[in-house]
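These notes concern the structure reproduced below.
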Amino acid sequence: MFKHLKGDLFGGLTAGVVALPLALAFGVQSGMGAVAGLYGAIFIGFFASLFGGTSTQISGPTAPMTAVSMVVIAGIVQVYEGELANALPAILAVFIMAGIMQVSLGILKLGKYIKYIPYPVVSGFMTGIGVIILITQILPAIGYYPAEDDQFIEKYNPIAREVVLQNIIKDQVDGKLLVIENLEATVEKAKEITPDQILAESKTQAKKDSSGVLGTLKTLPTAIQKINWLELGLTLLTIFIIFGFKRITTTIPSTLVALLGVSIAVYFIGLDVRKIGEIPTDLPMPNFAIITDFNLGTVAPYIFTALTLAFLGAIDSLLTSVVADNMTKTRHNPNKELIGQGIGNSIAAFFGGIPGAGATIRTVVNINSGGKTRLSGMIAAVMLLIIVVALGGFAENIPSAVLAGILITVGIGVMDYKGLKVLKSIPKSDIVVMFVVLILTVFWDLVYAVGIGLVIASLIFMKKMGDSNNHKSAIKKLSDVENLDHADYSRIPIKLREEIFIKELFGPMFFGYTSDFQSMSRDVPKYATHAIIRMKKVPFIDQSGLFAFEDVLQNLIQKGIQPLLVSVQEQPLYRLETIDIIPDLIGKEHVFEDYEDCLKWIVEHVEDTVPAIEE
């Protein structure tokens with residue numbers, strides 16, 4: 001491990017420098033604060049490197065993982081009446097579940113299957129994540145915070161009164177029937193409601209109603225009227241430095257230059273702007289409330305969300321692993337990588353950090369700076385820990401507008417421009433999948449967006465496969481063999497060509513192809529006596545295909561047509577024998593290893609019956 005110590009040291013330190021501003025920004029965006037992003041970067045970075053399967057990968061909070069985490073955090077905070085401190089154990093429990101699920105994926109050796117997620121689904125989701133980040137950063141970018149606007153909060157006063165009263169009734173009843181005594185107690189409790197309680201609930205409702213994409217868009221007309229031009233200027237300056245400094249040099253991370261440059265300027269000029277707030281400088285401590293205050297009822301609705309986090313983190317990490325492989329000419333272990341990521345996410349959550357994954361940009365920086373082994377990722381994590389402990393007091397002076405500017409550049413960068421550029425040349429079905437996932441991701445639910453996208457993409461794929469199989473698997477009438485340049489067919493005696501039809505099957509027989517295959521028995525004319533079904537190119541048959549095959553054979557036999565099977569592969573043959581299609585419907589004497597054997601049998605056993613019928 002220490003053979004490449006110098007390269008790992010430089011690689012880790014450089015990657016840590018790049019990770020710092022992003023960790024702060026993702027922590028703020030998640031709703032748990034900058035320190036949660038730092039703790040995520042520290043613990044995921046260290047343990048994913050230690051236990052993972054990609055030597056040069058740098059892990060930590062990423063844009064997609066933070067976007068999903070933001071939804072989880074906002075949802076659970078609402079359950080706890082807007083109190084993050086009270087909701088924190090449940091939030092972190094969900095994140096730990098996601099980490100455990102990732103470990104399970106690795107143990108079950110499912111890492112290799114992640115690659116089968118269709119590109120349009122990934123493209124639509126990543127672009128959707130970018131759009132979400134851009135929209136949700138509009139309000140911080142212009143310096144408008146709804147929960148701090150008294151005029152905006154006042155609109156939620158009636159709703160706040162209703163919510164406070166409902167909570168009192170809920171506490172009084174506590175699962176029992178509402179009786180007169182409860183009602184009288186409720187009235188007495190209601191008289192004790194203070195203006196501070198109403199104000200606190202109004203702020204909670206205002207924050208809830210203005211969060212997310214739809215909340216931002218709904219709040220935007222009010223926000224535009226109250227733009228803080230200084231905050232907006234700092235945001236634009238940050239964006240300008242990030243994109244502009246890259247044109248000068250890429251040796252020094254432009255994000256770090258923007259973070260330090262703008263923050264130092266604001267500090268010395270003494271500008272009155274919003275800061276990111278206090279960052280603890282003590283060593284991170286585990287949050288044991290995750291165990292002591294665990295509530296299954298609160299966590300249960302988020303099990304599928306945790307699964308989405310696990311899968312998303314797996315995809316994010318393994319895609320980065322592929323990039324690292326291409327740069328280092330090595331080969332990662334996908335299952336080990338998932339175990340490492342899961343361990344990192346679980347430990348990070350236990351210490352109050354947000355989840356993350358393998359980060360492409362940070363990994364590339366690490367490799368280009370000399371990182372060769374897993375030690376580089378561990379060094380990056382340790383460096384971040386030192387920054388938190390030693391410089392946390394300075395970091396709390398970073399303007400919020402600077403982090404908004406950083407996140408806007410992240411949102412711009414995470415979108416899949418490669419997929420968007422080729423829209424004119426890709427199939428319309430892929431475009432549909434991409435935009436369905438994109439729209440659902442932005443305006444509805446990230447979890448359902450991916451699920452629905454996978455279903456649509458799978459259905460389209462199966463339709464295409466079925467159409468392709470049907471097009472290739474045509475029935476050939478051998479009396480027209482002169483028009484077919486095929487030596488196999490021409491070897492059948494001319495006098496038998498009216499009696500014999502051939503069905504060539506191409507590709508797997510699955511449920512997307514069954515209806516077309518079942519039409520075969522209708523296409524064979526009544527005067528035919530034998531139907532050759534060539535199955536050399538059928539590698540697989542599922543249950544639907546098996547039953548469709550049985551229906552076709554029964555229909556042929558009812559018409560007096562003898563099916564002959566040729567070149568049946570191992571899996572289809574096993575399935576046909578398992579449910580006794582062979583030998584009950586087709587005797588083993590009518591199943592041929594190759595076309596030569598079938599041809600010999602035809603010459604010996606098939607009679608010329610059509611001329612006799614015509615006479």
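Restricting the chymotrypsin sites (Phe, Trp or Tyr not before Pro) of region 288-364 to loop positions (DSSP other than H, G, I, E, B) with no more than 11 neighbouring Cβ atoms within 10 Å leaves Phe288.
Of the residues Tyr145, Tyr448, Tyr39, the one with the fewest other Cβ atoms within 10 Å heads the list, and the complete ranking is Tyr448, Tyr145, Tyr39. Packing order of peptides 528-541, 332-345, highest average first: 332-345, 528-541 (average count of other Cβ atoms within 10 Å over each peptide's residues).
Going by neighbour counts of Cβ atoms within 10 Å, the residues Leu139, Leu84 line up, fewest first, as Leu84, Leu139. The share of alpha-carbon pairs in region 381-444 lying farther apart than 14 Å comes to 74%. For the set Lys155/Lys207; Lys536/Lys588; Lys329/Lys372; Lys112/Lys536, the pairs lying more than 22 angstrom apart at their alpha carbons are Lys112/Lys536. Gyration tensor analysis over the Cα atoms of region 42-175 returns equivalent ellipsoid semi-axes of 37, 22, 15 Å (largest first, whole Å). The Asn397 and Ser458 beta-carbon pair, evaluated with R₀ = 60 Å, returns a calculated FRET efficiency of approximately 0.75.
No lab work stands behind these numbers, since they all come straight from the coordinates. Values in this document were obtained by computation on a predicted structure and should not be read as measured data. All Cβ positions, even for glycine, are placed from backbone atoms using ideal geometry, and neighbour counts span all protein chains on display.
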